[in-house]
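Below is one structure, written out as C-alpha cells, with a few remarks after it.
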Amino acid sequence: MANNKPTYLLGLACFYHDSSACVVKDGVVVAAAQEERFTRLKHDENFPTQAVAYCLAEAGISMNDIDGVCFYEKPLWKFERLLLTYIQEWPRGFVSFIKAMRAWLSKKLWMEHIIRKELGEFWPAYDYRPWYHRFVFNRLPLKQAFPQFEGKIYYVPHHLSHAASTYYPSGFEDATVLTVDGVGEWSTTSLALGHGSKLELKEEMVFPDSLGLLYSAFTYYLGFKVNSGEYKVMGLAPYGEAKYTQEIWDLLDVFDDGSFRMKPEFFAYRYGLRMTSQKFVKHFGTPVRQPEDELTQWHKDMAASLQQVTEELMLKLVQYAYLQYGGKNLCLSGGVALNCVANGRIVREGPFENVYVFPAAGDAGGSVGAALYTYSIMEPESHNLAPVKTIYLGPKNSNSEIESFLQEYGIKFDKILSEEDRAKSIAQHLADNKVIGLFQGRMEFGPRALGNRSIIADPRQNENWKRVNIKIKFREDFRPFAPSVMADKADDIFDLRGVESPYMLLTAHTKAKDLPAITHVNGSARIQTVSPEDNKPYYDIISAFNDLTGCSTIINTSFNVRGEPIVCDHIDAFKCFIRTDMDILVLENFIVNVDDVDKEALKSQFELEVFGDD
C-alpha cells in the first residue's frame, strides 16, 4: 500500500462445525487455528474466540490493526435456502424448521452484530489462554470490556471461500478448482477457474443434490456421527466388497457431466432430523445401525460400495472439468476432498498433470479462503504465489514454559538441547518398540497431525496397530494408521509415482511387505511424505530411525484419543500421556519416560475424567 502500512485481514469460519480463525498479513497467512484445539470440544462450532485471540497474538497486533474481517459464507443466502426448502416441504418439515429458526434467531440472522460484539472484546494485551482471559475480563469496566469492532466485514460465498483456500496456496498461476461438500448456502458442488489473482465461479450443483450429503446419509445409516464419522466409513470400506453399488446408483440419476440428481423419496434431510427416509431403509432391507451395534460384514460391504460410487462420481466430475476447461492444474476443496482414497485415484487416473489439495479442505479452511479471496480483491496486483508458506500455523510452547511445568509437578525428565542427539534419542526409543507422544513446534492447521502433534511408533511391528488403536487411541480396531516417510525414499516403499503427499491426503499401494502396522487390509496406506524443507525436526527423527533400522517410515497418528481434539499445548499433551499407555513423551527438548511417572497421583492432581466417546 502507498503508506507502506501492512494490510491485515482476519478470516472467520463458525456456527456450523469446525470453527476457525486466521490472520493474513499482506496476502500471507501468518496464523491459523481451529477453536476446538483451545476449548477441547471436538468440532466446536462456536465463535472462535480463543482462535482469534491466538492469531492476533501470533501476528503481534490487536483488532485496531485489522483492515477487514472476512466471513466464510453469505448468511442471508443460507437463510433463504433454509426458508424456501421448509416452505416446499411444509408441513412435514415443521420440527426441523423450528429447530433451524431457533439457531438463526439466536446467531446467524444477527451475524454482523455478533461478529462486531465478539471481536470488540479484544484489546492489545489480550492473552488467548482462558484463565488469563477470565482474570482480566472480570476486572475490566463493562464499557471497556464490550467495545464494538467498527471495521469492515466482508462476506464471501461458501464455495468461493473453499475454492480460494486451495487455489491461492497451490502456487499455480492457472488452475481449475473443484469444490465438493455437503452444502454451502445453495452450492453443493462447484467449478471455478483461477488465473493469477482472479478466481471466478463458473458452474455449480445446488441443494439438495450433494455428494457430501449422500456420503453423510450413509454415514448416518451405518451408525456413525454425521460431520465427524465420514472418515470412519472410508476406513471401514477396505474390509468389505463393493456388492451394493447398483443399489446405491439406483438412488441417483447421473448425467454425462458428472452431475446427478438424488431421488428425493429416499432422503429425509430436507425436512427431517434424520438423513434417510423409510423408503431408503426398505430399499436396502436393513435398519439404521445404532452406534453401539455390531459392525457386520454387511455394513463393511455397504461402506465399500459407497466408497466406490464416491470415487466414480469424483472421477466423472474431474473428467468433465478437464474436457470443459482444459489446463494441467487441478485444485480440490470441500469436505469430500478429505477423502484421500478418491484423491489417490484422481492423481493416478485423472487427466490433470498436477493436483493440489489444501490440508484444511473442510469448513475449517474457509477462514483462510475468505481472507485470501478478500485480499485478492483488495490488492489484485500483490497476488502471492506462496500465501501459505507452512501448514504449521498454530501455537507453540517454549522450552522454558515446558521446563517450569515439569518442575512444578515434580516430573522427572531428560533434557537434550542438541537437535541431532534429540533425533537420535527419539529414534532409539522407536527402535526399542516404544510408542511416543511427539509434541514439537507450532501446531498443524487442519484435521491431520503432521509430525508436531503426533503419536509415533515402529511400523514393522504388527502388534503396534492394535496396541495404539485399543490401548492408546481408544478407538475402533478397524481404523488404519498413516505412515510418515522420508520424501526422498517414498517411491521405494509406496506407489506414489513421484507425487509428494505432504498433507496425508493421498493413498497409494504399499510396495514393502514388512510394514504391517501401516498397511491397510487392501494393501494401501494414507501417506505423509516428509522433507527437510517442510519439517526438519520431524524429518531428522525419521532419518535417524532409518539409520538405526534401515526403515525410512514410521507410524503417525494424531496426538489425541477418541472423542477429543488433537492436543494444543504441552499440558494437553501431558494429560493425554498419563491417561493412556504411551511409553515416552517428547515435549520439545524434554523426554519423559512413563516408568518415571506416578500416573495415578498425577491423574488425581489434574482431576482427569474418563475419556468420552465421539
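Taken together, the values in this text are just the output of simple stated rules run on the coordinates, not laboratory data. Predicted, not measured: the structure shown is a model, and the values here were computed from it. Counting neighbours? That spans all protein chains shown, and the Cβs are built from the backbone with ideal geometry, glycine included.
What whole number of Å gives the distance from the Cα centroid of segment 299-375 to the Cα centroid of segment 242-288?
22 Å
Using only the alpha-carbon atoms of segment 170-358, report the extent along each of the three principal axes, biggest first, to the nearest angstrom.
Result, largest extent first: 51, 33, 28 Å.
Sequence-distant or interchain residues sharing an amide H contact under 5 Å with residue 205, placed H: which?
188, 189, 190
Pop out the ³J(HN,Hα) list for segment 111-116 in order, Karplus 6.51 cos²θ - 1.76 cosθ + 1.60 with θ = phi - 60°, rounded to Hz; leave Gly and Pro as x.
Along segment 111-116, the couplings run 4, 5, 4, 5, 4, 5 Hz.
Let me have the relative contact order for segment 369-516, percent, based on Cα pairs under 8 Å that are six or more residues apart. Could you put the intermediate results ahead of the total?
Values: 117 pairs, mean separation 25.9, N = 148.
Averaging sequence separation for qualifying contacts and normalising by length gives 18 percent for segment 369-516.
What does the charge add up to near residue 537, with Lys and Arg as +1, Asp and Glu as -1, over the other residues with Cβ less than 14 Å from its Cβ? Don't jump to the answer; show the numbers that get you there.
Working: positive: 396, 422, 424, 442, 453, 536; negative: 419, 420, 421, 444, 533, 534, 540, 588.
Within the 14 Å Cβ shell, the charges total -2.
Sorting check: for 258-269, 568-579, which peptide has the highest mean count of neighbouring beta carbons within 10 Å, and how do the rest follow?
Values: 258-269: 18.6, 568-579: 21.5.
My ranking of the peptides, most packed first, is 568-579, 258-269.
Given points 7 Å out from each Cα along the Cα-Cβ axis, report the residue 377 to residue 497 separation in nanometres with one decimal.
3.9 nm
Which FRET efficiency, nearest 0.05, do residue 398 and residue 4 yield, Cβ-Cβ r, R0 41 Å?
Numbers: r = 32 Å, r/R0 = 0.77.
About 0.85, to the nearest 0.05.
Whole-Hz ³J(HN,Hα) for each residue in segment 385-391, computed from phi via Karplus 6.51 cos²θ - 1.76 cosθ + 1.60 with θ = phi - 60°, x for glycine and proline: what do you get?
7, 9, x, 10, 7, 8, 8
Under a cut-off of 21 Å between alpha-carbon atoms, report the lysines in cross-link reach of residue 198, not counting same-chain residues fewer than 8 places apart.
Excluding near neighbours in sequence, the set is 25, 74, 328, 389.
List every residue whose amide H lies under 5 Å from the amide H of residue 154, counting only residues 5 or more places away in sequence or on a different chain, with H placed 1.01 Å from N in the peptide plane.
Placed amide hydrogens put 69, 70, 71 under 5 Å from residue 154.
Rank by packing, highest mean first: peptides 500-506, 446-452, with packing defined as the count of other Cβ atoms within 10 Å averaged across residues. Present the calculation step by step, with values, prior to reporting the outcome.
Values: 500-506: 22.1, 446-452: 23.7.
Going from most to least packed, we get 446-452, 500-506.
Among 499, 172, 358, whose Cα lies farthest out toward the positive end of the dipole of the chain, if unit charges sit on the beta carbon of Lys, Arg (+1) and Asp, Glu (-1)?
It is 358, whose Cα lies furthest towards the positive end.
Working only with C-alpha atoms, what are the Rg and Dmax values of the chain, expressed in angstrom?
Rg then Dmax for the chain, in Å: 23.8, 69.
Which loop-located trypsin sites (Lys or Arg not before Pro) does segment 325-409 contain, where loop means any DSSP state but H, G, I, E or B and the Cβ has at most 15 other Cβ atoms within 10 Å? Mind showing how you got there, number by number?
Details: sites: 328, 345, 348, 389, 396; in loops: 328, 389, 396.
Answer in residue order: 328, 389.
I want the local charge near residue 328. Using Cβ-Cβ distances under 15 Å, sum +1 for each Lys or Arg and -1 for each Asp or Glu among the other residues. Spell out each step's value before the answer.
Working: positive: none; negative: 173, 174, 353.
Around residue 328, the charge tally is -3.
Quick one: grab the alpha carbon gyration tensor of segment 9-69, order the square roots of its eigenvalues as a ≥ b ≥ c, and give me rounded if a/c is under 1.5, else prolate or oblate depending on whether a/b is larger than b/c. Can you show the working numbers first?
Values: a/c = 2.19, a/b = 1.89, b/c = 1.16.
Because a/c hits 1.5 or more and a/b exceeds b/c, segment 9-69 counts as prolate.
Please state the charge dipole magnitude for the chain, taken about the Cα centre, from unit charges on C-beta atoms (+1 on K and R, -1 on D and E), reported in debye and rounded to the nearest 20. Don't skip to the end; give the middle numbers.
On the way: 65 positive and 81 negative charges, 267 e Å.
Using Cβ point charges on Lys, Arg, Asp and Glu, the chain gives about 1280 debye.
Can you give the FRET efficiency for residue 62 and residue 461, using 1/(1 + (r/R0)^6), R0 = 41 Å, r = Cβ-Cβ distance, to the nearest 0.05?
Numbers: r = 50 Å, r/R0 = 1.23.
Computed FRET efficiency for residue 62 and residue 461: 0.25.
For the chain, calculate the relative contact order in percent as a whole number, restricting contacts to Cα pairs under 8 Å that are 6 or more residues apart. Let's see the in-between values first.
Details: 1286 pairs, mean separation 92.4, N = 614.
Across the chain, relative contact order equals 15 percent.
Counting Lys and Arg as +1 and Asp and Glu as -1, what is the net charge of the other residues whose Cβ lies under 11 Å from the Cβ of residue 597? Please report the intermediate quantities before stating the final value.
On the way: positive: 412, 599, 603; negative: 583, 595, 596, 598, 600.
Here the count lands on -2.
Quickly estimate the mean residue ellipticity at 222 nm for the chain, helices only: each DSSP H run with n ≥ 4 gives -39500 (n - 2.57), and the total goes over all residues, rounded to 500.
Numbers: 22 runs with 225 residues, N = 614.
Mean residue ellipticity, 222 nm, calculated: -11000 deg cm²/dmol.
Determine the dipole magnitude for segment 170-358: charges of +1 sit on the beta-carbon of Lys and Arg, -1 on that of Asp and Glu, nothing else is charged, the reference point is the Cα centre, and the result goes in debye to the nearest 20. Please list the in-between numbers first.
Details: 17 positive and 24 negative charges, 76 e Å.
Taking the Cα centre of segment 170-358 as origin, the dipole is about 360 debye.
Provide the gained length on full extension for the span residue 514 to residue 599, in nm with one decimal, where the gain is 0.36 nm per separating residue minus the Cα-Cα distance. Don't skip to the answer; put the middle values down first.
Working: separation 85, 0.36 × 85 = 30.60 nm, distance 3.43 nm.
Contour length minus Cα-Cα distance gives 27.2 nm.
Straight distance only, please: which lysines reach the Cα of residue 225 with their own Cα at less than 17 Å, same-chain residues fewer than 8 apart left out?
In chain and number order, the partners are 42, 300.
So what are the ³J(HN,Hα) numbers for segment 198-209, from phi and the Karplus equation (6.51, -1.76, 1.60; θ = phi - 60°), rounded to whole Hz, Gly and Pro as x?
8, 9, 9, 6, 10, 9, 7, 9, 10, 4, x, 7
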